[in-house]
Each structure stands twice: as C-alpha cells, then as structure tokens.
1. In nm, to one decimal, how far is the residue 36 label point from the residue 12 one, both placed 7 Å along Cα→Cβ?
2. Quick check for you: which residues of region 74-99 have the amide N under 19 Å from the point 7 Å beyond the Cα of residue 65 toward its beta carbon?
3. Please rank 80, 8, fewest neighbouring Cβ atoms within 10 Å first, as an exposure proxy.
Amino acid sequence: MEIQELIYQLPFDDHMDVTEFLHIDDNLKGDESLTDEEIISIVKSKPTKVAEPETEESFEVIFTKEALDHLDNLVLFFEYLSDTSINPELLNVLKKLRC
C-alpha cells in the first residue's frame, strides 16, 4: 500500500497499479541488445518536453550541450560578427560562463 500511495503522488494523470509496477520488467526480452544506432534513434524520437503543470507559459527543456552551443555562438557573434560594440568585461563574463 505504501508503494501505491507513492505512485499516486507522481505528477501523472494515469497512475500505474502497484502490481503492474512491480512486474513491469517481466515481459522484457533479455536476449536481445540494442545497437548504438537503435538507442540513438529511440532517444531522438522521444519528445524532449517534460510534463509540467498547465500554465500560461510553457518552457522547452534545453540540454547542456545545446545551451553551451548557443553560448559559443553568442560569444562568436559579439567577437567577430556584430556591428554592436560590447563591453569587454561582459564578453569575458560570457566566456567564463562557458567554462
């Protein structure tokens, strides 16, 4: 009963029965293993949004690599491509943030 109560506390609309939870792996095949390409394909096909309570604004999850790529682009933009001058101290802050 304690496990079932914990399951009910999860932020999902359709809660799993405790018996189903305890035996969830019973039907998995143990003989087969996935290749790296199959794992990558499965991960890429999954939605990246995390279930959140409904609010007026919804935010998309941004992974660390993607955020760092954007930060690199921002630093490059201000160093070489921008017609806008930026305080060198602020540019150093962006570089330090990258590290």
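Read-outs: derived from the displayed coordinates by stated rules, not from any lab. What you see is a predicted model, and the numbers here were worked out from it, not measured in a lab. So basically every Cβ, Gly included, is an ideal-geometry build from the backbone, and we count neighbours across all protein chains shown.
1. Label at residue 36, label at residue 12, 3.2 nm between them.
2. 74, 98-99
3. Ordered from fewest to most neighbouring Cβ atoms within 10 Å, 80, 8 come out as 80, 8.
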